[in-house]
Amino acid sequence: MNDKPRVLLVGAGAVGQVFGKYLRAAGRELSLLVKEKYAEEARRGYTLYELGSRQRTPEPTHLSGLDVLVSAPEAARRRFDQVWLCVSSTALRAGDWVEQLARHTGDATWVMLQPALDDRDFLLRFIPPERLVSGMIPFLSFHAPLRPEDTFPPSGTAFWFPPLARGLFSGPPERLGAVLRTLRAGGYPARATGDATRAAALPTAVLTVTVAGLEAAGWSFERFLQPDSLERVHRAAREAVRIVARHTGASAALVTPLLRPALFKALLPVASRVVPIDLETYLRVHFTKVGDQGRAILRTYIALGRSAGQPVRYLQEIQG
């Protein structure tokens, strides 16, 4: 009889693979729930590379021998201790798979990593709050190489943790404790916080608006840093932060003063030097892939702002 804790990872993209690496390192039995078209790739396994500022050629980690599932009824034949949702906010709502999976996973703890303000409320329609843990993603992950001209080991998923990055999680104490112990046992930098959704809300607002501005600038840092572009992003970000602060009860006092065009202009070149990849290419590739999620988040901000009588003019402009 296998008494190892069993974990179901929903989604095996770049994020799911990284969490899979740490969960496997913690000794968990892993199953993946993926779409049929990705099943064969999942059965072959994945190669991951952790990037660091000093290590030029990263050593590969292999994630293989996984139990691959393609439907919620198939998952019903297994017993899981934890279910990790490693899909986008929009994928969460695609079809009725969440409802089906909730019926088939017994008393398992569910771990959500989605950034939209209403994702938790959506999941609470199917999972009771005493079984739901919320988390945020503190790393960059992507299929490498990003560009054809990049020199890289055999292709795989690369990921990078910024210095001092911590993955914040919150939830019912007993369930949260089990999640944190699991991650830490695998070497993942996990930390408890009072409310991970609230902690991520303001940074997500700033990032979402910034990415929308970058997309409007054709994914070009040079065009993004032009005065008129920066001014639009600055004004839209201030609207988003105020709306999110009102909705979540988070304090915008430390964030709002930082939303200045000059600071955006100063920080972007610094970030480009710190991140060990081509940041402009990464942002274009990653956020094009999850573009539906970003647009949905902006629509949520606008709807919340309108309902509260708050300004949304610049959010509407940057939404396009």
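The values are calculated or read from the model by the stated rules, or taken from the named source; none is laboratory data. Just so it is clear, the model here is predicted, and its values are computed rather than measured. Every residue, glycine as well, gets a Cβ built from its backbone with ideal geometry; the counts of neighbours run over all protein chains shown. Heads up: the accessible areas ignore ligands, DNA and RNA and are worked out on the full protein's heavy atoms, side chains in. Shrake-Rupley method; radii C 1.70, N 1.55, O 1.52, S 1.80 Å.
Of all beta bridges DSSP finds with both residues in region 91-232, what is the antiparallel percent, to the nearest 5?
Roughly 55 percent of the DSSP beta bridges within region 91-232 come out antiparallel.
Considering only DSSP beta bridges whose two residues both sit in region 1-114, what percent are antiparallel, to the nearest 5?
Close to 20 percent.
Quick one: order Tyr314, Tyr301 from most to least accessible surface, probe 1.4 Å.
Sorted by accessible area, descending: Tyr314, Tyr301.
So what's the projected area for region 209-320, the Cα convex hull averaged over all directions, in nm²?
7.0 nm²
If you line up the Cα atoms of the chain on their principal axes, what length do they span on each, largest first, in Å?
Dimensions of the chain along the principal axes of its Cα atoms: 64, 48, 34 Å.
Rounded to a whole number, what % of the accessible area of region 28-84 do carbon and sulfur atoms account for, probe 1.4 Å?
Using a 1.4 Å probe with all protein chains present, region 28-84 comes out at 41 percent carbon and sulfur.
Kindly provide the Kirkwood hydrodynamic radius of region 80-145 in Å, to one decimal, from all pairs of distinct alpha carbon atoms.
After inverting the mean inverse Cα-Cα distance, the result is 12.7 Å.
With both bridge residues required to lie in the chain, what share of the DSSP beta bridges run antiparallel, to the nearest 5%?
In the chain, DSSP labels about 30 percent of beta bridges as antiparallel.
Which order do you get for Thr288, Thr193 if you rank them by accessible area with a 1.4 Å probe, largest at the top?
Correct descending sequence by accessible area is Thr288, Thr193.
Please state the charge dipole magnitude for region 270-320, taken about the Cα centre, from unit charges on C-beta atoms (+1 on K and R, -1 on D and E), reported in debye and rounded to the nearest 20.
140 debye
Given Cα pairs under 8 Å that are at least 6 residues apart, what percent is the relative contact order of the chain?
Over the chain, the number comes to 16 percent.
Membrane-span-like helices in the chain: DSSP H runs reaching 27 Å or more (Cα, own axis), mean Kyte hydropathy at least 0.5?
Helix filter hits for the chain: 196-216.
Could you give the accessible area per residue of the chain, probe 1.4 Å, as a whole number in Å²?
49 Å²
Can you give me the Cα centroid spacing of region 148-207 and region 210-242 in angstrom?
26 Å
For a quick check of understanding: with a 1.4 angstrom probe and all protein chains in place, what accessible area in square angstrom does Ser251 have, to the nearest ten?
Taking all protein chains as shown, Ser251 has close to 80 Å².
As I understand it, the dipole of region 170-320 uses +1 on the Cβ of Lys and Arg and -1 on the Cβ of Asp and Glu, about the Cα centre. Which of Leu258, Ile318, Pro276 lies farthest toward its positive end?
The Cα lying farthest towards the positive end belongs to Leu258.
Please state the charge dipole magnitude for the chain, taken about the Cα centre, from unit charges on C-beta atoms (+1 on K and R, -1 on D and E), reported in debye and rounded to the nearest 20.
Once rounded to the nearest 20, the dipole reads 480 debye.
Kirkwood-based Rg over Rh for region 78-117 (C-alpha set), two decimals?
Using only Cα positions, Rg/Rh for region 78-117 is 0.97.
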